[in-house]
Amino acid sequence: MDNEKIYNHFAKSVDDYDYVADKVVMRNNELHKVMVNALNFGSKSKLKILDLGSGTGHGMFLMLKKFLNAKVTGIDFSHKMITNSREKLKGYNDRIKLIEDDFNKIDFDNDYDAIVSAIAIYNINHQEKAKLFQKIYGSLKDGGIFVNADFIKGEESEITEQYSKIYENYLRKNLSGGELEVWLKHVFKEDMPMSLSGQFDLLTKASFLNIELVWQFNNLAVYVAQKIKSRGHEKRLVEL
């Protein structure tokens, strides 16, 4: 799926992603909470966090509420999403930065305590995933963590087919008409989810350690990976 198709779907076809999110992502709020809870830092820790594909700012909002001294940067290429995020997060103006751009195409700072992403990386092809994971690794502090909450494929074709049937039924239950057709096309013709084993292999090649699945429901999963370069960071940060 190329970037123009992604842009057309989320920036043009989807009028209000906050409204539709729970209808197209099973257990959407639970997924976001698991992602944020996987950031096993103290509530008063001074953190620098990057959110890739930050959407309308739901994940950023949860992180800002939980981590009182965190500063969070969100990147999203949709002007509509960035506008919605700015409105939702207006009470946190001194702790947020919103960037309207493609996270595949821009450089990141290199001193983040954590980098997260929710329902975004599945949109890009596998070669782009590999490059992105390498870039994420290079942008984390030693001991920093990457948390990804996303759509996945099954480890075997029949499992992927089972996921797809369950998910299609969910979409048909929640959507109708043109809205349903837009999402069916997006999900089954344009998306490029990857199996967990495939993603873990890419993360290992990017030098991540302590790669762990922390939550899964049907075709959705949340996993954690850690950057460790010095012996002082050998202790796991995430204990669930």
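Since every read-out is calculated from the coordinates, none of them should be taken as a lab result. Keep in mind that this is a model prediction, so the values were computed, not measured. Here the Cβ is made from the backbone with ideal geometry for all residues, glycine too, and neighbour counts use every protein chain on show.
Some points to look at:
- Pairs spanning more than 24 Å between alpha-carbon atoms, out of LYS131/LYS227; LYS23/LYS165; LYS65/LYS229; LYS129/LYS189; LYS129/LYS173: LYS65/LYS229; LYS129/LYS173.
- Hydrodynamic radius of the stretch 104-221 by the Kirkwood approach over all distinct alpha-carbon pairs: 15.5 Å.
- Cut-off under 5 Å, modelled amide H: who pairs with ILE211 long-range: GLN226
- Loop-located trypsin sites (Lys or Arg not before Pro) in the stretch 140-234 (DSSP state other than H, G, I, E, B) with a sparse environment of at most 15 neighbouring Cβ atoms within 10 Å: LYS229.
- Neighbourhood net charge (13 Å Cβ-Cβ; Lys/Arg +1, Asp/Glu -1) for LYS129: 0
- Radius 10 Å from Cβ of LEU64, net charge of other residues (Lys, Arg +1; Asp, Glu -1): +4
- Annotation: aspartates and glutamates with alpha-carbon distance below 15 angstrom to LYS44 (same-chain offsets under eight excluded): ASP113.
- Computed about the Cα centre, the dipole magnitude for the chain is approximately 880 debye when only Lys and Arg (+1) and Asp and Glu (-1) carry charge, each at its Cβ.
- Computed from the Cα positions only, the extents of the chain along the three principal axes stand at 54, 42, 31 Å, in decreasing order.
- Charged-residue dipole, Cβ positions (Lys, Arg, Asp, Glu), the stretch 94-184 about Cα centre, Debye nearest 20: 100
- Trypsin sites (Lys or Arg not before Pro) lying in DSSP loop within the stretch 19-50, provided at most 12 other Cβ fall within 10 Å: LYS44, LYS46
- Taking HIS126, HIS186, HIS58 and counting other C-beta atoms within 10 Å, the order from fewest to most: HIS126, HIS186, HIS58
- Karplus-derived HN-Hα couplings along the stretch 209-226 (A = 6.51, B = -1.76, C = 1.60, θ = phi - 60°), whole Hz, x at Gly and Pro: 10, 6, 7, 8, 6, 10, 6, 8, 9, 6, 9, 10, 8, 10, 10, 10, 9, 10
- For GluC sites (Glu not before Pro), the sites in the stretch 67-155 that DSSP calls loop and that have at most 15 other Cβ atoms within 10 Å are GLU155.
- Checking the cross-link pairs LYS33/LYS71; LYS33/LYS105; LYS135/LYS205 against a 22 Å limit on the alpha carbon distance flags LYS33/LYS105 as lying beyond it.
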